[in-house]
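The values are calculated or read from the model by the stated rules, or taken from the named source; none is laboratory data. Since this is a predicted model, take the numbers as computed values, not measurements. Cβ atoms come from the backbone with ideal geometry, glycine included; neighbour counts cover every protein chain shown. To get the accessible areas, we keep the full protein, side chains included, count just its heavy atoms, and leave off ligands, DNA and RNA. Shrake-Rupley method; radii C 1.70, N 1.55, O 1.52, S 1.80 Å.
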Amino acid sequence: MDSLIPNGFLSALTEVSARMAEIATEGRGVGVISLYAQPDAALYRLPLEHLRRFERAMERQIRAQLRSRDRLFAVDGKEWLIVLPSVASSAVLTLGMLRFEQTFNDGLLVVDGLDLPVRVVCGAAMSPDHGKDGFHLLQSARIAGLVAGRADGGSLLFEASMERSAPNVALLERDLRTAFSGGPELELWLQPKVHLASTECRSAEALLRWRNSAGEFVPPPVVIGLIDRFGLRHRFNRWLFQQAAQVLHELRMEGLEIDISINLSATDLYDAEVPDLIGQALSTWNLEAGRLCLEITETSMMDERSGSSVSEVLQRLRQLGVALSIDDFGTGFSGMSRLKRLAVQEAKIDRSFVIDLLASARDREIAAAIIDLSHRLGIEVTAEGVEDGRTAELLAGMGCDYIQGFLHAPALPLTDFVAWVRARECIGRQPVQT
Ligand code: C2E
Ligand code: CA
Ligand code: CA
């Protein structure tokens, strides 16, 4: 299996191109299929070790459909590229895609005794019509896959009209690349966290906001998905860390001692470069590491076996001195006993428990247990998604430290956030004189 590292799109591209060059001499058509798994949302709540088993199960199923000379490349656990030499006609590709669809879409994938529904979307392209080299062929297959996905599933063979009729895909990619090179569209907005005992705003969560060139707001999980699909994760991270550090610097210039949290994705914990990039961003702006907090979902922290790359990256982040927070706490399976080992400074009670806090005794019990245990371990607790005063009062009574939610404010652009803080006179310091 030609498995590649997470975010290994470029490596996959190089490998596929090399394979293309190798087989081009055969003088027959070369086909490429991009197979993209759209698992049920429930999958993302599974611990990482289950995710890996899911990926391996996917790979086994795909491989079972291949001829011996076909080659399989895993891009990132969600996308697989299949290179098929000596394809007599495009019908072979269409049939191949249909087989994949049937394999996955008509049944459940069994992983560790769990039956998981998985939908796959395929796009295919064939040389020389859809691309004369590996790069263009691959792009064509992926565009066909993206168009198929947007059309609600199924599989499509690339057609030139796709680039014209679906300019959004190419446009989105161009927009995103432009945004990273200093374009104005990509922004970090700040949602205040309010300290319940003092009602001060001492920190804020930075959330990604992006309008594409058509002026449409694209939800952050979709942007993150596109970033992964286009192989832009490294550029995004560089942008995110620099941007967060700049926001901290600007708040300091306003005389506001407000800490900032950013969100990391599961794959970032496998990326040895992440701690270095964060360290560089902090030193560029001459910031104390403790001012930055990294929110990491409970499920992505699971693979903390010693020696795993997750534990190595987490260890280096701890050494750097940044604060760590468990996001969406309560949704994973880590259990309270692991809380101590994770050595975090904050736990965030997931919004799903906060929404029904007034009505559900069970959710109140979960929240109370999280607060109690966290406090015993010296961990502060933030409840997210607080929308009304009664829930805030209930949480205050339970000893919760911070609340975040529409009750106080949604995420705001930096200048509005500063105005919001000033209006509340949370912290009344004077701007720094320069
Ligand atoms: P999250 O980290 O759980 O962020 C909280 C989400 O809940 C945000 O949605 C926020 O706007 C929303 N929210 C906050 N208070 C309330 C409330 O009172 N009611 C309701 N209904 N919603 C509330 P948003 O900004 O759409 O972000 C969604 C998710 O996207 C985030 O969930 C986070 O997982 C991800 N995300 C956002 N920015 C980034 C980023 O820079 N990097 C990464 N990797 N993920 C990001
Ligand atoms: Ca978060
Ligand atoms: Ca959250």
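Can you give the accessible area per residue of the range 174-425, in Å², using a 1.4 Å probe? Don't skip to the answer; put the middle values down first.
Values: 10510 Å² over 252 residues.
Computed with neighbouring chains in place, this is 42 Å² per residue.
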Legend entry - Area of ARG211 that stays accessible when all protein chains are in place (1.4 Å probe, Å², to 10): 130 Å²
Inset, instruction - Within the range 131-145, which residues have the backbone N less than 20 Å from the label spot 7 Å out from ALA214 along Cα→beta-carbon, could you tell me? - result: 142-145
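What order, most packed first, do the peptides 281-292, 233-244 have when packing is the mean number of other Cβ atoms within 10 Å of each residue? All intermediate terms of the calculation are to be shown ahead of the outcome.
Numbers: 281-292: 16.6, 233-244: 19.7.
Output ranking for 281-292, 233-244: 233-244, 281-292.
ARG99 to SER181: extension gain in nm, 0.36 nm per residue of separation minus the Cα-Cα distance?
Details: separation 82, 0.36 × 82 = 29.52 nm, distance 4.10 nm.
Going from the current span to full extension adds 25.4 nm.
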Inset, instruction - Determine the gain in length on full extension of the stretch ALA368-LYS132; use 0.36 nm per residue of separation and subtract their C-alpha separation, reporting nm with one decimal. - result: 78.8 nm
Inset, instruction - Please list, or write none, the aspartates and glutamates whose alpha carbon is within less than 16 Å of the alpha carbon of LYS78, excluding same-chain residues fewer than 8 places away. - result: ASP2, ASP40, GLU49, GLU55, GLU59, GLU101, ASP228, ASP268
Inset, instruction - Measure off 7 Å from each Cα along the Cα-to-Cβ vector at GLU288 and ASP276, then give the distance between these two points in nanometres to one decimal. - result: 2.8 nm
Inset, instruction - Report, to the nearest whole %, how much of the accessible area of the range 174-425 belongs to carbon and sulfur atoms, 1.4 Å probe, protein only. - result: 51 percent
Inset, instruction - Extending each Cα 7 Å along its Cβ direction at SER311 and LEU377, get the distance between those two points in nm, one decimal. - result: 1.6 nm
Inset, instruction - Looking at the range 174-425, send over the antiparallel percent of its DSSP beta bridges, to the nearest 5. - result: 40 percent
Inset, instruction - Take peptides 197-204, 257-264 and line them up by average Cβ neighbours within 10 Å, highest first, as a rough protection proxy. - result: 257-264, 197-204
